[in-house]
Structure formats: C-alpha cells, structure tokens
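One structure is given below, encoded as structure tokens.
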Amino acid sequence: QLQASGGGLVQAGGSLRLSCKASGSIFSIRAMAWYRQAPGQQREFVATITSGGSTNYVDSVEGRFTISRDNAKNTVYLQMNSLKPEDTADYYCNADITTTSRSRYYWGQGTQVTVSS
C-alpha cells in the first residue's frame, strides 16, 4: 500500500530525498508522515503534512528537512539537507488512508539512511 524509496549512504552535510507512494483503491489520504528508527532505538516522529499542506517537524530536523506531498500522485516526500550522522536510521512513511472499504493508518517498509562523518 505504501512504497518508500530514496535512502542511501551520504556524507555529513549532504542531502537525500525520500519518496513514499500510496497505491491501491484509495478514496482519500489525510495526514502523511515520516518516522525513523535508529539501531537500538524506538521509532520516532520526524515530520507530518496534512492534506491541506500544513506541516510539523520534530525539533531536531526543523530547518534541515522539508516534507511535501503531491496529492495527484498520492506521494509524500522528505527532502533532507545538511544531514548529520545522528540522522542515520531506517525511515518509514505513514499515511491515514481511506479506501473503498475502510479507513486506517498504513506503514510503508523502511528505507535506510546512513550518514557518514
């Protein structure tokens, strides 16, 4: 239902752009978000965007990451600039999706981001 891509290995100070596309019998998508989970850590919230485009970020990425969405493509993006080693994690997308049969939150598979110092 949600397919994430765009992870990789980058040096500190570099940039990456993650994408996550929703597919299936979608009627509407409300909030879309990104979370991340570092090795040995709990999954944490990174950023969210409403269907109207309002955004919210965790303090640690504010000013460096930008979440956006293309409603026509059912896709959410995360532009990550000025990456730091502490941004290393598996990144997961999440979306509040209404299909023809139900409404619930869906998770995508993780995409790995590794930032080298």
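The values are calculated or read from the model by the stated rules, or taken from the named source; none is laboratory data. On a predicted model such as this, the values are computed, not experimentally measured, just so you know. Glycine gets a Cβ as well: all are built from the backbone with ideal geometry, and neighbour counts include every protein chain shown. Note: accessible area is taken over every heavy atom of the protein model, side chains too, but ligands, DNA and RNA are not part of it. Shrake-Rupley method; radii C 1.70, N 1.55, O 1.52, S 1.80 Å.
For segment 55-112, which positions are touching a Leu at 6+ places or on another chain (Cβ under 7 Å) and among the aromatic types (F, W, Y)?
Correct list: F65, Y77, Y91, Y106, W107.
Quickly run through segment 1-49 and pick out the residues that are in a strand (DSSP E or B) and open to solvent by 70 Å² or more (accessible area, probe 1.4 Å).
From segment 1-49, those in a strand (DSSP E or B) are 2-5, 8-11, 16-22, 26-37, 44-49; that's our starting set.
Passing the criteria: Q3, L9, Q11, R17, K21, F27, R30, E44.
Under the condition of being aromatic (F, W, Y) and over 9 Å from the mean Cα position of the chain (by Cα), which residue from segment 76-117 is nearest to A38 (Cα to Cα)? Before you say what the answer is, go through the steps one by one.
So the first thing to find is which residues in segment 76-117 are aromatic (F, W, Y), and the list is 77, 91-92, 105-107.
Filter once more, so that each one left must be over 9 Å from the mean Cα position of the chain (by Cα): 105-107.
Values: Y105: 22, Y106: 20, W107: 17 Å.
The residue in question is W107.
Being over 19 Å from S15 (Cα atoms), out of contact with any helix residue (DSSP H, G or I) (no Cβ under 8 Å at 6 or more places or on another chain) and either in a strand (DSSP E or B) or open to solvent by 40 Å² or more (accessible area, probe 1.4 Å) (or both) is the requirement here; does Y105 meet it? Break it down into steps so the answer makes sense when it comes.
Numbers: over 19 Å from S15 (Cα atoms): yes; out of contact with any helix residue (DSSP H, G or I) (no Cβ under 8 Å at 6 or more places or on another chain): yes; either in a strand (DSSP E or B) or open to solvent by 40 Å² or more (accessible area, probe 1.4 Å) (or both): yes.
Taking the combined requirement at face value, the residue satisfies it.
Across segment 89-116, what is the total count of residues that are in contact with a Pro (Cβ under 9 Å, 6 or more places away or on another chain) and over 11 Å from L16 (Cβ atoms)?
Total satisfying the criteria: 3.
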